[in-house]
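The values are calculated or read from the model by the stated rules, or taken from the named source; none is laboratory data. The model shown is predicted, which means the values in this text are computed figures rather than measured ones. In this analysis, Cβ positions are derived from the backbone assuming ideal geometry, glycine residues included, and neighbour counts consider all displayed protein chains.
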Amino acid sequence: MISFEFFPPKTAEGAVKLAAARQRLYAHRPAFCSVTYGAGGSTQDGTLQTVRAIRAEGMTAAPHLSCVGAGRASIAALLRQYLDEGIDRIVALRGDLPSGYGLGGEFHHAADLVAFIREQTGDAFHIEVAAYPEVHPQARSPQDDLTHFAQKMRAGANSAITQYFFNADAYFRFRDDAYAAGIEAPIVPGIMPITSASQLLRFSDMCGAEVPRWIRLRLQSFGDDRAAITAFGREVVAALCRRLLDGGAPGLHIYTLNQADPALALLEDLGARSA
Ligand code: FAD
C-alpha cells in the first residue's frame, strides 16, 4: 500500500507543477494522497483546494487537520464542510504553533481532536494519526510517548503514519511496543526520499528526526554534487524500505515534497513489492 503526501502550493505556478507531479505518481495507484495543513489553519484554503483537485482527478484525498490554537466550533464547521464535499479520510494532528504562542485553544493533544471528530461525525472519517518511532521531541520519555500514542489510537484512530526516520530498528521497536500495548491498527512508515543534504538536515533538526552520523557525513562530503547526493540517497532509502517491507511494514507513506522524481525512483527500485 502506497500513499503520497503533498503540501498546498503557494503560487499558481506551484499548483501547475504539483498537478503534473501528481499525474506521474498516480501510475502507482496510491491508496490515498494526503495534504498538509499549516498550524493555526494558515493553509486551510490551500489544503482544501489541493484536496479538491486530487478528488477531481479521481483519487482519494486526505486533508491533514491540526487542532492546536483552534476552537471546537471552527473544527466542527470544517468537518461538516469536508463531509459535504464527500471527503472521508483525515490525518488528525495536534500541530505546532510558532514558539511563544504556547498551546492555546480548546484542543491540547491530537487525542482530543480524534475524540472530537468521532463525537461529531461518528464513523464518517477514516482517521490517521502521527507516530514517532524516534520519540516525539516534546515527550518526557519514550514510555510516556507510547502511552499517549496508545491513547490517541484508542480515542478512535484507524491507522497511523510515522514521522520519517532512517533507522529501521526504531520503527520495529516502536511498532512491536505499540502492538504489545494492545494497538492492532496499521502503523505505516513515513518515508523521506533524500535529495538535498542541507534541506534534509534542516528539516530533521526541526522535527526531531535523526539523520545517522554516517549518512550525514557522507551527504556533507558530496558538497554541491547533486547527482552524487541523489544516487546515495536513493540507495539508502530503497534499502531502508526493503527492510521495512521485509519486516512486515503494512505500506509506505512517501513525503513527496511535491516532487515526483524522487518518489518514482524509489518505487522503481522497490519494483512490484510496493504495489
Ligand atoms: P500529539 O499526539 O498530541 O503529541 C504531541 C506531544 O504531546 C507528544 O510529545 C506526546 O507524547 C504529548 N502528549 C500527547 N498526549 C498527552 C497528554 N495527554 N498529556 C501530556 N502529553 C501528551 N504538522 C502540521 O502543522 N501540519 C501538518 O499537516 C502535519 N502533518 C504531519 C503528518 C505526519 C505523518 C506527522 C508524523 C507529523 C505531521 N505534523 C504536521 C507535525 C505534528 O503536528 C507535530 O509533530 C506536532 O508536534 C505533534 O503532533 P501530534 O499530532 O503527533 O501530537
Residue identified as of a type outside the set (Lys, Arg), out of contact with any Pro (no Cβ under 9 Å at 6 or more places or on another chain) and at pLDDT 95 or above among 23, 49: 23
Qualifying positions in the stretch 1-32 - surrounded by fewer than 15 Cβ atoms within 10 Å (Cβ to Cβ) and either of a type in the set (Gly, Ala, Ser) or not in a helix (DSSP H, G or I) (or both): 10, 11, 12, 14, 19, 20, 27, 29
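Yes/no matrix, rows are residues, columns are (1) assigned to a loop (DSSP other than H, G, I, E, B); (2) over 22 Å from residue 132 (Cβ atoms); (3) within 12 Å of the ligand (Cβ to nearest atom); (4) touching a Ser or Thr at 6+ places or on another chain (Cβ under 7 Å):
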| residue | (1), (2), (3), (4) |
| --- | --- |
| 34 | no, no, yes, yes |
| 55 | no, yes, no, no |
| 64 | no, no, yes, yes |
| 73 | no, yes, no, no |
| 79 | no, yes, no, yes |
Wholly within the stretch 212-275, helices (runs of 4 or more DSSP H) carrying at least 3 residues that are free of Cβ contacts under 8 Å to residues at least 60 places away in the same chain and surrounded by fewer than 16 Cβ atoms within 10 Å (Cβ to Cβ): 213-221, 226-246
Cβ pairs under 6 Å, 6+ apart, first in the stretch 113-132 and near the ligand (Cβ under 9 Å from one of its atoms), second of a type in the set (Phe, Trp, Tyr) and not in a loop (DSSP other than H, G, I, E, B): 131/149
Failed criterion for residue 146 (all others in (1) among the hydrophobic types (A, V, I, L, M, F, W, C); (2) within 13 Å of the ligand (Cβ to nearest atom); (3) within 29 Å of residue 77 (Cβ to Cβ) hold): (3)
